[in-house]
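Let me begin by presenting the structure, written as C-alpha coordinates, before commenting on it.
The values are calculated or read from the model by the stated rules, or taken from the named source; none is laboratory data. Note that this is a predicted model, so its numbers are computed, not measured. All Cβ positions, even for glycine, are placed from backbone atoms using ideal geometry, and neighbour counts span all protein chains on display. When the accessible area is computed, the model is the full protein with side chains, heavy atoms only, and any ligands, DNA or RNA have been set aside. Shrake-Rupley method; radii C 1.70, N 1.55, O 1.52, S 1.80 Å.
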Amino acid sequence: MRYELYYWPMIQGRGEYVRLALEEAGARYDDVARRGNGMAAMTRMMDAGKGTPPFAPPFLKDGKLVIGQTANILLYLGSRHGLAPKAEAGKLWVHQLQLTIADLVLEVHDTHHPLGPSLYYEDQKAPAKKRTEEFWKERVPKYLGYFEDLLAANGGAYVTGRRLTYVDLSLFQIVEGLRYAFPKRMKAFERKIPGLVELRDRVAARPNIKTYLASDRRIGFNEDGIFRRYKVLDG
(Lines give C-alpha, C1' and ligand atoms only; values in the text may rest on other atoms or scores of the structure.)
Protein backbone atom coordinates (compact mmCIF):
# COMPACT_ATOMS: atom_id res chain seq x y z
CA MET A 1 0.00 0.00 0.00
CA ARG A 2 1.23 3.48 -0.87
CA TYR A 3 1.30 6.33 1.59
CA GLU A 4 -0.71 9.41 0.71
CA LEU A 5 0.97 12.71 1.59
CA TYR A 6 -1.22 15.78 1.66
CA TYR A 7 0.48 19.16 1.37
CA TRP A 8 0.36 22.32 -0.70
CA PRO A 9 1.58 21.52 -4.22
CA MET A 10 3.48 24.75 -4.91
CA ILE A 11 5.91 24.92 -1.98
CA GLN A 12 8.35 22.78 -0.01
CA GLY A 13 7.16 24.11 3.35
CA ARG A 14 6.70 21.78 6.28
CA GLY A 15 5.79 18.96 3.94
CA GLU A 16 9.36 18.78 2.71
CA TYR A 17 10.57 17.25 5.96
CA VAL A 18 8.14 14.40 5.38
CA ARG A 19 9.10 14.07 1.71
CA LEU A 20 12.77 13.75 2.63
CA ALA A 21 12.00 10.93 5.06
CA LEU A 22 9.84 9.09 2.53
CA GLU A 23 12.46 9.48 -0.18
CA GLU A 24 15.33 8.33 2.03
CA ALA A 25 13.29 5.30 3.05
CA GLY A 26 12.48 4.45 -0.56
CA ALA A 27 8.81 4.39 0.43
CA ARG A 28 6.06 4.41 -2.14
CA TYR A 29 3.89 7.51 -1.78
CA ASP A 30 1.57 9.83 -3.66
CA ASP A 31 1.98 13.58 -3.24
CA VAL A 32 -1.77 13.87 -3.56
CA ALA A 33 -2.35 17.61 -4.00
CA ARG A 34 0.12 17.75 -6.90
CA ARG A 35 -2.14 15.81 -9.23
CA GLY A 36 -5.71 15.93 -10.54
CA ASN A 37 -8.27 16.93 -7.95
CA GLY A 38 -5.86 16.39 -5.08
CA MET A 39 -6.35 19.86 -3.59
CA ALA A 40 -10.08 19.26 -3.35
CA ALA A 41 -9.45 15.88 -1.73
CA MET A 42 -7.13 17.50 0.80
CA THR A 43 -9.73 20.12 1.69
CA ARG A 44 -12.46 17.51 2.09
CA MET A 45 -10.36 15.58 4.58
CA MET A 46 -9.73 18.69 6.69
CA ASP A 47 -13.41 19.65 6.56
CA ALA A 48 -14.70 16.18 7.40
CA GLY A 49 -16.01 17.26 10.79
CA LYS A 50 -15.90 13.72 12.17
CA GLY A 51 -13.37 11.09 13.08
CA THR A 52 -9.87 12.55 13.49
CA PRO A 53 -9.61 15.28 10.83
CA PRO A 54 -6.24 17.04 10.58
CA PHE A 55 -6.10 20.74 11.38
CA ALA A 56 -3.79 21.62 8.49
CA PRO A 57 -1.34 20.03 6.07
CA PRO A 58 0.96 18.24 6.05
CA PHE A 59 -0.80 15.05 6.96
CA LEU A 60 -0.15 11.47 5.97
CA LYS A 61 -2.65 8.74 5.23
CA ASP A 62 -1.62 5.13 5.71
CA GLY A 63 -4.61 2.92 5.06
CA LYS A 64 -7.31 4.15 7.44
CA LEU A 65 -4.81 5.96 9.66
CA VAL A 66 -4.46 9.72 9.20
CA ILE A 67 -1.57 11.48 10.97
CA GLY A 68 -1.11 15.23 11.17
CA GLN A 69 1.73 17.53 12.27
CA THR A 70 5.20 17.16 10.78
CA ALA A 71 6.97 15.90 13.91
CA ASN A 72 4.15 13.42 14.57
CA ILE A 73 4.34 12.07 11.01
CA LEU A 74 8.11 11.66 11.31
CA LEU A 75 7.72 9.88 14.64
CA TYR A 76 5.49 7.36 12.85
CA LEU A 77 7.70 6.97 9.78
CA GLY A 78 10.88 6.81 11.82
CA SER A 79 9.82 3.66 13.58
CA ARG A 80 8.53 1.99 10.44
CA HIS A 81 11.52 2.74 8.21
CA GLY A 82 14.57 2.62 10.44
CA LEU A 83 14.91 6.39 10.67
CA ALA A 84 14.78 6.48 14.47
CA PRO A 85 16.32 4.48 17.31
CA LYS A 86 14.52 1.31 18.33
CA ALA A 87 14.57 1.97 22.07
CA GLU A 88 11.76 4.08 23.51
CA ALA A 89 14.15 6.59 25.04
CA GLY A 90 15.87 7.06 21.70
CA LYS A 91 12.60 7.52 19.86
CA LEU A 92 11.52 10.20 22.30
CA TRP A 93 14.89 11.93 22.09
CA VAL A 94 14.76 12.14 18.30
CA HIS A 95 11.14 13.32 18.50
CA GLN A 96 12.20 16.00 20.97
CA LEU A 97 14.90 17.18 18.57
CA GLN A 98 12.36 17.34 15.74
CA LEU A 99 10.07 19.47 17.88
CA THR A 100 12.99 21.82 18.46
CA ILE A 101 13.48 22.03 14.69
CA ALA A 102 9.77 22.85 14.38
CA ASP A 103 10.31 25.80 16.71
CA LEU A 104 13.20 26.97 14.53
CA VAL A 105 11.10 26.66 11.37
CA LEU A 106 8.46 28.90 12.92
CA GLU A 107 11.09 31.50 13.77
CA VAL A 108 12.39 31.38 10.19
CA HIS A 109 8.87 32.09 8.96
CA ASP A 110 8.56 35.00 11.38
CA THR A 111 11.57 36.77 9.87
CA HIS A 112 9.41 37.78 6.92
CA HIS A 113 6.01 37.67 8.63
CA PRO A 114 6.60 38.91 12.19
CA LEU A 115 3.12 40.46 12.46
CA GLY A 116 1.35 37.34 11.26
CA PRO A 117 0.57 35.39 8.09
CA SER A 118 -2.64 37.30 7.31
CA LEU A 119 -0.60 40.32 6.17
CA TYR A 120 1.59 40.53 3.09
CA TYR A 121 5.34 40.89 3.54
CA GLU A 122 5.04 44.35 1.99
CA ASP A 123 2.82 45.37 4.91
CA GLN A 124 5.44 44.50 7.52
CA LYS A 125 8.82 45.29 6.00
CA ALA A 126 10.16 47.33 8.92
CA PRO A 127 9.20 44.77 11.60
CA ALA A 128 10.60 42.02 9.36
CA LYS A 129 13.94 43.78 9.16
CA LYS A 130 14.06 44.15 12.94
CA ARG A 131 13.00 40.55 13.51
CA THR A 132 15.60 39.24 11.07
CA GLU A 133 18.41 41.12 12.80
CA GLU A 134 17.40 39.57 16.13
CA PHE A 135 17.04 36.16 14.49
CA TRP A 136 20.61 36.18 13.21
CA LYS A 137 22.11 37.79 16.29
CA GLU A 138 20.40 35.64 18.94
CA ARG A 139 18.35 32.77 17.58
CA VAL A 140 20.43 31.22 14.79
CA PRO A 141 23.52 30.86 17.04
CA LYS A 142 21.36 29.34 19.76
CA TYR A 143 19.60 26.78 17.57
CA LEU A 144 22.38 25.82 15.19
CA GLY A 145 24.96 25.98 17.96
CA TYR A 146 22.89 23.47 19.89
CA PHE A 147 22.84 20.97 17.03
CA GLU A 148 26.51 21.62 16.24
CA ASP A 149 27.35 20.73 19.85
CA LEU A 150 25.29 17.54 19.64
CA LEU A 151 27.18 16.44 16.57
CA ALA A 152 30.50 17.04 18.29
CA ALA A 153 29.43 15.37 21.54
CA ASN A 154 28.13 12.21 19.86
CA GLY A 155 31.23 11.93 17.69
CA GLY A 156 29.47 10.28 14.80
CA ALA A 157 28.49 11.07 11.27
CA TYR A 158 24.99 12.01 12.39
CA VAL A 159 23.30 13.78 15.29
CA THR A 160 22.69 10.64 17.34
CA GLY A 161 25.91 8.91 16.31
CA ARG A 162 26.68 6.59 13.42
CA ARG A 163 23.13 6.04 12.12
CA LEU A 164 21.05 8.53 10.21
CA THR A 165 17.68 9.58 11.63
CA TYR A 166 14.94 11.81 10.27
CA VAL A 167 16.42 14.65 12.34
CA ASP A 168 19.52 14.61 10.13
CA LEU A 169 17.31 14.91 7.06
CA SER A 170 15.52 17.85 8.63
CA LEU A 171 18.78 19.58 9.49
CA PHE A 172 19.83 19.18 5.87
CA GLN A 173 16.68 21.07 4.91
CA ILE A 174 17.39 23.79 7.47
CA VAL A 175 20.86 24.43 6.07
CA GLU A 176 19.56 24.39 2.50
CA GLY A 177 16.74 26.75 3.36
CA LEU A 178 18.92 29.26 5.18
CA ARG A 179 21.39 29.22 2.30
CA TYR A 180 18.54 30.08 -0.05
CA ALA A 181 16.87 32.75 2.06
CA PHE A 182 19.99 34.39 3.51
CA PRO A 183 22.95 33.54 1.27
CA LYS A 184 25.21 36.33 2.54
CA ARG A 185 24.46 35.84 6.21
CA MET A 186 24.67 32.08 5.97
CA LYS A 187 28.00 32.13 4.13
CA ALA A 188 29.49 34.18 6.95
CA PHE A 189 27.94 32.03 9.66
CA GLU A 190 28.86 28.60 8.29
CA ARG A 191 32.39 28.77 9.64
CA LYS A 192 30.83 28.45 13.10
CA ILE A 193 28.98 25.24 12.23
CA PRO A 194 31.40 23.05 10.27
CA GLY A 195 29.78 19.89 11.59
CA LEU A 196 26.34 20.85 10.31
CA VAL A 197 27.79 21.79 6.93
CA GLU A 198 29.45 18.38 6.71
CA LEU A 199 26.17 16.77 7.77
CA ARG A 200 24.38 18.63 5.00
CA ASP A 201 26.88 17.30 2.46
CA ARG A 202 26.67 13.79 3.86
CA VAL A 203 22.88 13.74 3.56
CA ALA A 204 22.95 15.24 0.04
CA ALA A 205 25.26 12.44 -1.09
CA ARG A 206 23.01 9.61 0.11
CA PRO A 207 21.79 7.75 -3.00
CA ASN A 208 18.05 8.16 -2.50
CA ILE A 209 18.35 11.79 -1.47
CA LYS A 210 20.70 12.59 -4.34
CA THR A 211 18.21 11.10 -6.80
CA TYR A 212 15.34 12.99 -5.20
CA LEU A 213 17.13 16.35 -5.30
CA ALA A 214 17.77 15.92 -9.03
CA SER A 215 14.16 14.96 -9.77
CA ASP A 216 11.05 17.01 -10.46
CA ARG A 217 9.59 15.70 -7.21
CA ARG A 218 11.78 18.25 -5.38
CA ILE A 219 9.95 21.57 -5.56
CA GLY A 220 12.28 24.55 -5.78
CA PHE A 221 12.53 27.15 -3.05
CA ASN A 222 10.34 30.18 -3.75
CA GLU A 223 8.86 33.25 -2.11
CA ASP A 224 5.63 31.49 -1.19
CA GLY A 225 7.30 29.02 1.18
CA ILE A 226 8.86 29.26 4.62
CA PHE A 227 12.36 30.13 3.41
CA ARG A 228 12.03 33.34 1.37
CA ARG A 229 14.77 35.41 -0.19
CA TYR A 230 14.35 39.13 0.32
CA LYS A 231 17.58 40.96 -0.42
CA VAL A 232 16.90 43.67 2.15
CA LEU A 233 16.79 41.06 4.94
CA ASP A 234 20.12 39.50 4.02
CA GLY A 235 22.33 42.10 5.66
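Using the Karplus curve 6.51 cos²θ - 1.76 cosθ + 1.60 with θ = phi - 60°, what ³J(HN,Hα) values do you get for each residue of region 25-34, in whole Hz, with x for Gly and Pro?
Each residue of region 25-34 in turn: 6, x, 7, 7, 8, 10, 8, 4, 5, 8 Hz.
Tell me the volume per residue, in Å³, of the convex hull enclosing the alpha carbons of region 88-205.
Working: hull volume 12.8 nm³, N = 118.
Residue-normalised Cα hull volume stands at 109 Å³.
For Gly161, which sequence-distant residues (separation of 5 or more, or a different chain) have an amide H within less than 5 Å of its own amide H, given hydrogens modelled in the peptide plane?
Long-range HN contacts for Gly161: Gly156.
If each residue of separation counts as 0.36 nm, what is the full-extension length gain between Arg162 and Tyr212 once their alpha-carbon separation is subtracted? Don't skip to the end; give the middle numbers.
On the way: separation 50, 0.36 × 50 = 18.00 nm, distance 2.27 nm.
Full extension from Arg162 to Tyr212 adds 15.7 nm.
Calculate the FRET efficiency for Lys192 and Phe55 from the Cβ-Cβ distance with a Förster distance of 41 Å, rounded to the nearest 0.05. All intermediate terms of the calculation are to be shown ahead of the outcome.
Numbers: r = 36 Å, r/R0 = 0.89.
Once rounded, the FRET efficiency stands at 0.65.
Give me the percent of the accessible area of region 1-75 that comes from carbon and sulfur atoms, probe 1.4 Å, all protein chains in place. Kindly include the intermediate steps, with their values, before the conclusion.
Details: 1940 of 3600 Å².
That share works out to 54 percent.
Which of the trypsin sites (Lys or Arg not before Pro) found in region 75-128 are in a DSSP loop and have at most 12 neighbouring Cβ atoms, other than their own, within 10 Å?
On the way: sites: Arg80, Lys86, Lys91, Lys125; in loops: Lys86.
Here the sparse-neighbourhood loop sites are Lys86.
Whole-Hz Karplus ³J(HN,Hα) for region 170-183, in order, using 6.51 cos²θ - 1.76 cosθ + 1.60 and θ = phi - 60°, x for Gly and Pro?
The phi angles translate into 5, 5, 4, 5, 4, 5, 4, x, 5, 5, 6, 6, 9, x Hz.
For region 9-28 and region 160-190, write down the distance between their C-alpha centroids in whole Å.
Region 9-28 and region 160-190 have Cα centres spaced 16 Å from each other.
Please go through region 146-235 and write out the GluC sites (Glu not before Pro) that DSSP classes as loop and that have at most 13 other C-beta atoms within 10 Å. Don't skip to the answer; put the middle values down first.
On the way: sites: Glu148, Glu176, Glu190, Glu198, Glu223; in loops: Glu223.
Sites meeting the loop and neighbour criteria: Glu223.
Using a Förster distance of 35 angstrom, determine the FRET efficiency expected from the C-beta separation of Met39 and Ser79, and round it to 0.05.
With R0 = 35 Å, the Cβ-Cβ based efficiency is 0.70.
Kindly write out, for region 184-200 in residue order, the coupling ³J(HN,Hα) from the Karplus curve 6.51 cos²θ - 1.76 cosθ + 1.60 (θ = phi - 60°), rounded to whole Hz, with x marking Gly and Pro.
Here the 3J(HN,Hα) series is 5, 5, 5, 4, 6, 7, 4, 5, 8, 10, x, x, 5, 5, 5, 4, 4 Hz.
Just to confirm, what accessible area per residue do you get for the chain at 1.4 Å probe, in whole Å²? Before the final figure, lay out each step's value.
Values: 11780 Å² over 235 residues.
Per-residue accessible area for the chain comes out at 50 Å².
Pull up all non-local amide H partners of Val66: gap of 5 or more, or a different chain, and H-to-H distance under 5 Å with H placed in the peptide plane.
none
What is the mean projected area of the alpha carbon convex hull for the chain, to one decimal in square nanometres? Please list the in-between numbers first.
Working: hull surface 52.9 nm².
For the chain, the mean projected area of the Cα convex hull comes to 13.2 nm².
In region 88-205, carbon and sulfur make up what percent of the accessible area (probe 1.4 Å)? Don't skip to the end; give the middle numbers.
Numbers: 3050 of 5750 Å².
Taking all protein chains in place, region 88-205 shows 53 percent carbon and sulfur surface.
Which order do Ser118, Ser79, Ser170 take when ranked by solvent-accessible area (1.4 Å probe, heavy atoms of all protein chains), largest first?
Values: Ser118 110, Ser79 60, Ser170 0 Å².
Largest accessible area first, the list is Ser118, Ser79, Ser170.
Report the chymotrypsin sites (Phe, Trp or Tyr not before Pro) located in region 52-110 that are in a DSSP loop and have at most 13 other Cβ atoms inside 10 Å of their Cβ, or state none. List each step's numbers first, then the result.
On the way: sites: Phe55, Phe59, Tyr76, Trp93; in loops: Phe55.
Here the chymotrypsin sites (Phe, Trp or Tyr not before Pro) that fit, given the DSSP loop and packing criteria, are Phe55.
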